[in-house]
Amino acid sequence: EAAVTQSPRNKVTVTGGNVTLSCRQTNSHNYMYWYRQDTGHGLRLIHYSYGAGNLQIGDVPDGYKATRTTQEDFFLLLELASPSQTSLYFCASHRDTYAEQFFGPGTRLTVL
Amino acid sequence: GDQVEQSPSALSLHEGTDSALRCNFTTTMRSVQWFRQNSRGSLISLFYLASGTKENGRLKSAFDSKERRYSTLHIRDAQLEDSGTYFCAAAGTGGNNKLTFGQGTVLSVIP
């Protein structure tokens, strides 16, 4: 099964802080996604990418930037973190256009 | 946008009993995935279906192949370790593979 790793696994920052969440997959997957999950809810799509250098806007993009530096690496950037961005963040990837998505273990972010 | 309606929102089962979860889609979907989320927050992938049914042990999932507007997850002989939150997520028929998640079903299996 495809492996997706995320770092850090837990992060605490303060309002206005600068945070970068990292995601890596080494399965030659073209597509990568960032989701957030708030307590008691399903996941919602923030940004996604079709390949290195490509970025697409998801359903809840406000306050987030993303960068896909290589096929393997997808980063989520919070340049001015706010308490409303306290959440559990998941990265996912898949190879072909229509295929199963594989999820990372999640990063728990707390903004104080 | 595409909507995924998951039911029930919560469910208590006695060990050894059977039940089913359901997801309805407001529009035709291309594929569906089912996940279980444990208490630590990890998402465990259960099934990916583009059509038909799949079975794995005591779990079985089906995706309506005709109109592609609902999917079910059947749990047979429920065990304590089945407890957790179950999510379905569906990909639409547009030119991308974005997943829309349901709100989840909190399943408690009791002795």
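Quick note: the coordinates plus some simple rules give every number you see, no bench work behind them. Keep in mind that what you see is a predicted model, and the values were worked out from it rather than measured. Here the Cβ is made from the backbone with ideal geometry for all residues, glycine too, and neighbour counts use every protein chain on show.
Going toward the positive end of the dipole of chain A, with +1 on Lys and Arg Cβ and -1 on Asp and Glu Cβ, which of A:N30, A:F75, A:H94 do you reach last?
The Cα lying farthest towards the positive end belongs to A:F75.
Please check which bits of segment A:44-77 a label hung off B:Q103 would reach, taking the label as a point 7 Å along Cα-to-C-beta and the cut-off as backbone N under 18 Å.
Backbone N within reach: A:44-45.
Which whole number gives the average, over all residues in B:34-42, of C-beta atoms from other chains lying within 10 Å of the residue C-beta?
Going residue by residue through B:34-42 and averaging, the value is 3.
Only Lys, Arg, Asp and Glu count, each charged at its Cβ (+1, +1, -1, -1), so figure out the dipole size of segment A:52-104 about its Cα centre, rounded to 20 debye.
The dipole of segment A:52-104 has a size of about 60 debye.
Where in segment B:75-111 is the amide nitrogen less than 12 Å from a point lying 7 Å along the Cα-to-Cβ axis of B:S12?
Zone members listed by number: B:108-111.
How far apart, in nm, are the 7 Å Cα→Cβ label points at B:L80 and B:T53?
For the pair B:L80/B:T53, the computed spacing is 3.1 nm.
Taking 7 Å along the Cα-to-C-beta vector as the label spot, tell me the A:A3-A:Y98 distance in nanometres, rounded to one decimal.
It is 3.1 nm.
Long-range amide H contacts for B:S83: which residues qualify at under 5 Å (H placed 1.01 Å from N, peptide plane, sequence gap of 5 or more or a different chain)?
Close amide H contacts, sequence-distant or interchain: B:V109.
For peptide B:86-95, how many partner chain Cβ atoms fall within 10 Å of a residue's Cβ, on average?
What the average comes to for B:86-95 is 2.
Counting only other chains, what is the mean number of Cβ atoms within 10 angstrom of the Cβ of each residue in peptide B:101-107?
Across the residues of B:101-107, the mean count of other-chain Cβ atoms within 10 Å is 3.
If I model a spin label as a point 7 Å beyond the Cα along the Cα-Cβ vector, how far apart are those points for A:S22 and A:D59 in nm?
That separation, rounded to one decimal, is 3.0 nm.
Checking the table A:K11/B:K54; A:K11/B:K60; A:K11/A:K65 against a 27 Å threshold on Cα-Cα, which pairs fail?
The answer is A:K11/B:K54; A:K11/B:K60.
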